[in-house]
1. How many of the residues in the stretch B:186-199 are crowded, with 19+ Cβ neighbours inside 10 Å and either within 19 Å of residue A:63 (Cα to Cα) or touching a residue at least 40 places away in the same chain (Cβ under 8 Å) (or both)?
2. Does residue A:383 satisfy being crowded, with 19+ Cβ neighbours inside 10 Å, touching a helix residue (DSSP H, G or I) at 6+ places or on another chain (Cβ under 7 Å) and not assigned by TED's automatic domain parsing to the domain that holds residue A:143?
3. Taking the stretch B:118-150 on its own, how many of its residues are within 14 Å of chain A (Cβ to nearest Cβ) and within 18 Å of the chain's Cα centre (by Cα)?
4. Out of everything in the stretch B:39-79 that is within 14 Å of another protein chain (Cβ to nearest Cβ) and over 24 Å from residue B:216 (Cα atoms), what residue ends up being surrounded by the most Cβ atoms within 10 Å (Cβ to Cβ)?
5. Could you count how many residues in the stretch B:200-216 are more than 25 Å from residue B:239 (Cβ to Cβ) and either surrounded by 15 or more Cβ atoms within 10 Å (Cβ to Cβ) or within 11 Å of another protein chain (Cβ to nearest Cβ) (or both)?
6. Over 23 Å from residue A:316 (Cβ atoms) and crowded, with 19+ Cβ neighbours inside 10 Å: which single residue out of A:520, A:509, A:550 fits that description?
7. Can you tell me which residues in the stretch B:95-122 are surrounded by 24 or more Cβ atoms within 10 Å (Cβ to Cβ) and either without any contact (Cβ under 8 Å) to a residue 12 or more places away in the chain or farther than 11 Å from residue B:69 by Cβ (or both)?
8. Is it fair to say residue A:81 is touching a helix residue (DSSP H, G or I) at 6+ places or on another chain (Cβ under 7 Å), crowded, with 22+ Cβ neighbours inside 10 Å, under 12 Å from residue A:143 (Cβ atoms) and within 14 Å of another protein chain (Cβ to nearest Cβ)?
């Protein structure tokens, strides 16, 4: 039974009317569909290639990406990227990451991994990072932030990379603060704690204390949240404990460091630069790296703060920053991400540990360690008993007076050292120091204990007739000859910058030099105040070298003292 | 209405006999494989990959089930001449067509929902194993969008099947699916043209060709942090779009089928 003409017309009319309805609906859907969260414009760039004809997807992938399988393509590329990474084909990883972030600009893990890859994994033969990639890495994170402004993850990544890799604590603080303010669901431990640490490293101590306070309040709030899972509660409780400790310690340290950093120490920074072979520099020198050791720090409690530094002396651990770069080079973060870098730039950065600083005071103990000096144990370090190799014993005129024969020559500190050497305090004891009364009693006991004295003599404990200090030393041979792509040396002039930044010193050394170098004497050679870093007092020596200095043949001392 | 439903029921039974559920089995296996395939990634990345791949496989399987089922819907009846037996009974051509169509989308719906539920359950298990909050239910929105997309695709294929042979219908449906899925590009092209003719052409394509790209809702499901403006309105509008456009195509199919010599 066929339709009547009238019925057909009715049906056709209905279809046409509905088609207008479809058009109207589409006009309503378009603005919603075209929001970046659903249909990012960059997906089309991935398909058709970016500006300058950069990476574009193969045709089959393009078709897939444009027909609703965008995330599938992104996922497949990511799996492929992972296999490239694990096979060491790092160069292939970057274009893949570029395309994946275009296809799925909300996949924050890809930005994070890409930035980590750029900033950490491109290295020279000696595993020094190619720091020319720091700018592109940060630009990638900035793009990630722009595409995910309401998600703390990207701010956290930027903050961490600025903190750990670039060591720009103002930049880190700014990023982490934005993460907190833009995403209420931010991870308190990852973002809130790091923000407090960044503020401390930036020299903004009061703000750091306030941030720890905010972190503690936030942890408590999340623990009390009835919707919190047991796992989340557990993590918050654990983080609350560490936040509380940090908050208390920071306040105590702030209070005691004002006195502990005085009088300031003249750093006496020296350096010697030698070209060993073409593009191989030996960088060495000395400086007075002081701090506390072992248990010679009295923290106390927030209600009853301790004295802080009980005894300080030469110690190991702080690092000298060494940077070799084209003269006048200023690191920059590009406006838009590109993994192309200026290959003509030469940029090398290294950190060299300081060690072997030693001290012997008149009437104090030292250990004659034979051919090689060894580190003394923790208790002895806590009372500044250092080991000196024979060569140093001779050079510094430390003599050969054995403890058993030099008891009468011991200074009050020497007696304390002898008591600790003879009767080490139990490991559980909070501080290694015996009280004055205990020291007197135990010293009297030691004076009569010939067996113990003989044992200490056998271990080469000696009494120093003079006060001498051997400064800490740093030394590293830096080979830039094997990586011509990283170190092209195409320019005429270079800057070799040696610096000591107290903000990145370990706590036990910072206890003596302060958060911002308050314990560094202004009379120290190469002392500078960096006003761009919240009045950071530091050591900074800039040496200008010519290309010939670095690439020339034969061994040559370029700088001495 | 009863007649339509009887035809639809028969169509579903017949489709099931064609072992079309094998697609469901295939997807089930794929999901299980995916659950272990990405274990070298972090738990979160693994879940992102599983979700993305899972939704993609459901879409792809749904696409092939819909097209292959729909293109043979009418031609098979003509070829086997079973249509004469049916139409000799008190069944109108429009009832026959509607019944076949409802049977096709019923089959597609059963498959997609089965695949979707298996997938959602697998994701939920994975989330529990990873100690992450279970938000797998959200993924059903993605499954729903795939279903609506396939309902529209079935309508298109059924419409074409009343006047084209299966092979041409297959390529025609797939071509229109690709063009309709790329409507974000045609939309941009329409806006960027300086020539009025070209602008009208691309605008026409954007509004006339079924807009399959509308139904892509994967991003917020993979990245729950993204802020989507009015997601509910978007989903509702798309459901209405699929239903209304399908109605248009079915009316046109009925009109053409009514004049067709069988």
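1. 2
2. yes
3. 11
4. B:41
5. Going through the stretch B:200-216 one residue at a time, the tally reaches 2.
6. Just one listed residue meets the conditions, A:550.
7. B:97, B:112, B:115, B:119
8. When the stated conditions are applied, residue A:81 does not pass them.
The values are calculated or read from the model by the stated rules, or taken from the named source; none is laboratory data. Note that the structure is a prediction, hence the values are computed from the model and not measured. Please note: Cβ atoms are built from the backbone with ideal geometry, for glycine as well, and neighbour counts cover all protein chains shown.
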